[in-house]
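The values are calculated or read from the model by the stated rules, or taken from the named source; none is laboratory data. Only a predicted model underlies this, so the values are computations on that prediction, with no experimental measurement involved. Quick reminder, even Gly has a Cβ in these numbers, built from the backbone with ideal geometry, and neighbours come from all protein chains shown. These accessible areas exclude ligands, DNA and RNA; they are computed on the full protein's heavy atoms, side chains included. Shrake-Rupley method; radii C 1.70, N 1.55, O 1.52, S 1.80 Å.
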Amino acid sequence: MKKLTCTLLAASLAGTFTASALAADYTFKFQSSDPAGDKNFQVQQAWAERVEKMSAGRIDIDLLPVGSVVKHTETLNAIKLGILDGHITATSYFSGKDPAFGLIGNTVGAWSDTTQLLQYVNYGGGYQLMTELYAPYGVKFIGGSTTGVESFVSKVPVNGVADLKGLKLRAPEGLVQQVFAAAGASPVNLPGSEVFTGLSKGVIDAADYTVFSTNQKAGMNDVATHPVQPGFHSLPLIDISMSQKKWDKLPADLQEILTTSVRDFAYDMTTQLKIADQQAVKEAQANPDITIHNWSDEERKKFREIAREQWKVFAKKSPNAEKVYQSVTKFLEDNALL
């Protein structure tokens, strides 16, 4: 009798577990804005794998590299239409939909350290603002990260704002170009994939591109031997977001796992890239042909003052952009970061 009872109990528990597991099986297709071989994508993949383990297999995220399903500028619409379930991307890519995304996605000259941006996102109003901005698209902002203050790639010495005058540089459209133009430079439209060739052939003399370690690995510093490090201009917001409808169907514990995992991802991403940058700087310093330039506090302040005026101009482009401007500047002022 005992043996039969145990057998029936085991069968009952097994049936319950199987039914529960099937009911709680959530598979999502996310697209990254980074290519498969990039360090950023590798850290993102590790996040997806960690979410699966943390949820005991109840969440399975299929993370695809940039361009796998749609262009990197189209993931917001793709989530809204149900083509994708989520994305890991640079928020500024959607500035064509609303300038607010360009302003919050890369408030040029605002942040001098990754912890400042993450503090704003998690505790300074950024999370609430991103939630509001994404709501009309049916997209849930799970959380934000960043990479690192981007290095500046240059073929000529650039030691301060005065050296930007007339400099032919690659910069993304929108606020970044606007700020550099106001500083006296001559911005050029060029896809990121063509930066190396542009520098090699003399199409451009400098570039706003990405973090030092990625530039070093790509050979940028070999053709543009006067990088500025630490960077002085760009620190992008990277967001992990998904369909609001699919988020709402998740049980509370899985929502909490995703939210917590993104904060861990942000720490993982910024720490790993910082370590990689430190190693890349040592490698570059060992090369007698490369000269690293570090702007003085005075020059950084000059650039920020120019950038701040352009934030005001950019804020006038939409009501949401004005909200971003008010939110970011209030945070910076409250924390004595201006």
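Less than 5 angstrom separates the built amide H of Val211 from those of Ser151, all sequence-distant by 5 or more or on a different chain. Along the range 156-168 the Karplus relation, 6.51 cos²θ - 1.76 cosθ + 1.60 evaluated at θ = phi - 60°, assigns HN-Hα couplings of 10, x, 10, 9, x, 4, 4, 6, 7, 4, x, 5, 8 Hz to successive residues, with x for each Gly and Pro.
The heavy atoms of Arg50 offer some 60 square angstrom of accessible surface to a 1.4 angstrom probe.
Computed 3J(HN,Hα) for the range 190-197, one whole-Hz value per residue from the Karplus formula 6.51 cos²θ - 1.76 cosθ + 1.60 where θ = phi - 60°, is 7, x, x, 5, 10, 5, 4, 5, glycine and proline marked x.
Projecting the Cα atoms of Thr291, Phe41, Ala206 onto the charge dipole of the chain, computed from C-beta unit charges around the Cα centre, puts Phe41 farthest toward the positive end.
Of the accessible area of the chain, computed with a 1.4 Å probe over protein heavy atoms only, carbon and sulfur atoms account for 53 percent. Stokes-Einstein diffusion for the range 127-253 at 10 °C, viscosity 1.306 mPa s, with a Kirkwood radius from C-alpha pairs, works out to 97 µm²/s. Summarising the amide proton neighbourhood of Leu190: residues at separation of 5 or more, or on other chains, whose placed amide H is nearer than 5 Å comprise Ala171.
When peptides 249-259, 321-331 are sorted by average Cβ neighbour count within 10 Å, with the highest value leading, the order is 321-331, 249-259.
The amide H of Ile88, built 1.01 Å from its N in the peptide plane, has Gln31, Ser32, Ser33 as neighbours under 5 Å, considering only residues 5 or more places off or on other chains.
Listed peptides 162-168, 187-193 appear in the order 162-168, 187-193 once ranked by packing, highest mean of other Cβ atoms within 10 Å at the front.
Candidate cross-link partners of Lys39 among the aspartates and glutamates, defined by an alpha-carbon separation under 18 Å and a same-chain spacing of 8 or more, comprise Glu49, Asp62, Glu150, Asp239, Asp264, Asp268, Asp277, Glu283. What the phi angles of the range 138-153 give under the Karplus curve with 6.51, -1.76 and 1.60, with θ = phi - 60°, is a coupling list of x, 10, 9, 7, 7, x, x, 9, 7, 10, x, 4, 5, 6, 10, 8 Hz, glycine and proline written as x. Cross-link pairs exceeding 28 Å between alpha carbons, from the set Lys53/Lys274; Lys249/Lys274; Lys155/Lys302; Lys71/Lys317; Lys71/Lys155: Lys249/Lys274; Lys71/Lys155. Dividing the radius of gyration of the alpha carbons in the range 204-338 by their Kirkwood radius gives 1.05 for Rg/Rh. Surface analysis of the chain yields an accessible area of 46 Å² per residue, using protein heavy atoms and a 1.4 Å probe. If the Kirkwood radius is taken over C-alpha pairs of the range 264-338, then at 10 °C and 1.306 mPa s the Stokes-Einstein diffusion coefficient equals 101 µm²/s. Hydrophobic, long helices, defined as DSSP H runs whose alpha-carbon span along the helix axis is 24 Å or greater and whose mean Kyte-Doolittle value is at least 1.0, occur in the chain at 2-23. Using a probe of 1.4 Å, the accessible surface attributed to Tyr137 totals some 40 Å² when neighbouring protein chains are kept in position. Sorted from longest to shortest, the spans of the Cα atoms of the chain along the three principal axes equal 89, 46, 36 Å. Remark: relative contact order (the chain) = 23 percent; criterion is Cα-Cα distance under 8 angstrom and separation of 6 or more residues. Look at the dipole of the range 91-250 built from charges on Cβ: of Ala100, Ala171, Leu250, the Cα furthest out on the positive end belongs to Leu250. Rounded to the nearest 20 debye, the dipole magnitude of the chain is 560 debye, with +1 charges on Lys and Arg beta carbons, -1 on Asp and Glu beta carbons, and the Cα centre as origin. Among the protein heavy atoms, those of Phe212 account for about 0 Å² of accessible surface (1.4 Å probe, every chain in place).
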